[in-house]
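One structure is given here, and the rest of the page talks about it.
Nothing in this text is a laboratory measurement; each read-out follows from the coordinates by a stated rule. Keep in mind it's a predicted model, so treat the numbers as computed, not measured. When we count neighbours, we look across all protein chains shown, and the Cβ atoms used for this are built from the backbone with ideal geometry, even at glycine.
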Ligand code: UD1
């Protein structure tokens, strides 16, 4: 079976490529490298012994995407391609709506033209919005996202759901990720954000490696056990295995279904910092600051649907996630730019 990973050179896409290859899929990657490094391909080859076929294209460009389908028998698509920086999406909403909607729409249209049936979408727990109370279950009404990036995830979920309802040949799984951290245990691939990281773990690892002075903890007056925000951190390799199971499922079913990929367990910012310090032996200086606009107090998954439908459960512990994030950053202090 051949699977196309749009945005497959990115953080989650590259880890998914490894697990898809390990599971026996032929992996094709399409990525414009606007937020990823070509070195990922060398690293994938080192880890798996297989170099995925690679197209450097913007998948929103129909003329560039069509030949990929013409030249390969593609059985399914995992769609990662899209912009993901929350603060940037607030400043440049049109850029986010244009890119994220175009990449999804063009991919779905070309799939339809070539009779490609299975679609797995990289969605986010951000679709649960501010009003639902954790643990989040997939049948909760999706909320209003707090930023344009999140709204693109909501819109694409709707587009995919409508497309699958209208076309009984399309089968779609909407994967709602909680907070992916960690890295491949080899330390060869990992998260390499451009500029100052927005997310907690890459910020912590950059403090640990001496690139940033201290971590700002965004508020300690939330209604949580220690006052800091609670999230469901999930190892990116567990997340990647969830994609393999989702593709297996999509190839065998019809219709569309949303599935949470989380551990079902929340950890606070301070718990993550403590786990990281224990795993790395490095102290993380921190300063408590104001809350970050748009943040909610508590977000964690009800992960039972993934277990029931996909037979999938997260396995890695928070300490292992921290150890692997540190192993990656420590061996690649400049990400892929060494
Ligand atoms: C964020 C996005 C979410 C997106 C996800 C992708 C926001 C508001 N939400 O989720 O839409 O799907 O990333 O990975 O940006 N924290 C600090 N200091 C930091 C960074 C984070 O204290 O320097 C805290 C946050 O307040 C939060 C927790 O750490 O409580 C996790 O933050 P982060 O890693 O940015 O993820 P989310 O906000 O959950």
**Item:** log₁₀ of I(q)/I(0) at q = 0.17, 0.23, 0.27, 0.34 Å⁻¹ - segment 116-156, Debye sum with one point per alpha carbon
**Value:** -0.47, -0.75, -0.93, -1.22
**Prompt:** Contour minus end-to-end for residue 254 and residue 98, with contour as 0.36 nm per residue of separation and end-to-end as the Cα-Cα distance?
**Reply:** 53.3 nm
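What value, in deg cm²/dmol to 500, does the helix sum -39500 (n - 2.57) over DSSP H runs of n ≥ 4 give at 222 nm once divided by the residues of the chain? Please list the in-between numbers first.
Values: 10 runs with 130 residues, N = 338.
Per the formula, -12000 deg cm²/dmol.
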**Asked** Relative to the first principal axis of the alpha-carbon coordinates of the chain, what is the inclination of helix 62-71, with its axis defined by its Cα atoms, in degrees from 0 to 90 and to the nearest 10?
**Response** 70
**Complete:** A chain fully extended from residue 167 to residue 64 at 0.36 nm per residue, minus the present Cα-Cα distance, gains in nm 34.6 nm
**Prompt:** Roughly how many nanometres apart are two label points built 7 Å out from the Cα toward the Cβ at residue 2 and residue 290?
**Reply:** 5.3
**Fill in**
Restricted to segment 2-144, the DSSP antiparallel beta bridge percent, nearest 5, is 0
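Take the Cα atoms of segment 144-222, build their convex hull, and give its volume per residue in Å³. Don't skip to the answer; put the middle values down first.
Working: hull volume 13.2 nm³, N = 79.
So the per-residue Cα hull volume is 167 Å³.
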**Request:** Would you look at the GNM of the chain, springs on alpha carbons closer than 10 Å, and say which of 24, 82, 195 moves the most?
**Result:** 195
**Asked** With the contact rule set at Cα under 8 Å and sequence spacing of 6 or more, what percent relative contact order holds for the chain?
**Response** 19
**Item:** Exposure proxy order (Cβ contacts within 10 Å, fewest to most) of 122, 2, 14, 37
**Value:** 2, 37, 122, 14
**Compactness index (Cα Rg / 2.2 N^0.38 Å), segment 72-188** = 1.13
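Roughly how compact is the chain, stated as its Cα Rg over 2.2 N^0.38 Å to two decimals?
The value comes to 0.94.
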**Fill in**
segment 243-312 and segment 18-35 have their Cα centres apart by a whole-number Å value of 22
**Request:** Mind jotting down the three principal axis lengths of segment 138-185 based on Cα atoms? Whole angstrom, largest first.
**Result:** 40, 30, 20
**Fill in**
At q = 0.14 Å⁻¹, the log10 of I(q)/I(0) for segment 1-155 from a Debye sum over equal Cα scatterers comes to -0.72
**Item:** Pairwise FRET efficiency - residue 315 versus residue 46, Cβ, R0 = 22 Å, nearest 0.05
**Value:** 0.40
**Asked** Any idea what log10 I(q)/I(0) is at q = 0.20, 0.26 Å⁻¹ for segment 89-131, Debye with uniform C-alpha scatterers and no solvent?
**Response** -0.80, -0.97
**Asked** Mind checking which of 224, 142, 126 has the largest fluctuation in a GNM of the chain, springs on alpha carbons under 10 Å?
**Response** 224
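Please give the contour-minus-distance gain from residue 158 to residue 331: 0.36 nm per residue of separation, less the Cα-Cα distance, rounded to one decimal in nm. It would help to have the intermediate numbers written out before the result.
Numbers: separation 173, 0.36 × 173 = 62.28 nm, distance 4.07 nm.
Taking 0.36 nm per residue and subtracting the Cα distance, the gain is 58.2 nm.
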**Separation of alpha-carbon centers, segment 175-205 and segment 96-142, rounded to whole Å** = 21
**Item:** GNM top mover of 181, 12, 296 - the chain, alpha-carbon springs below 10 Å
**Value:** 296
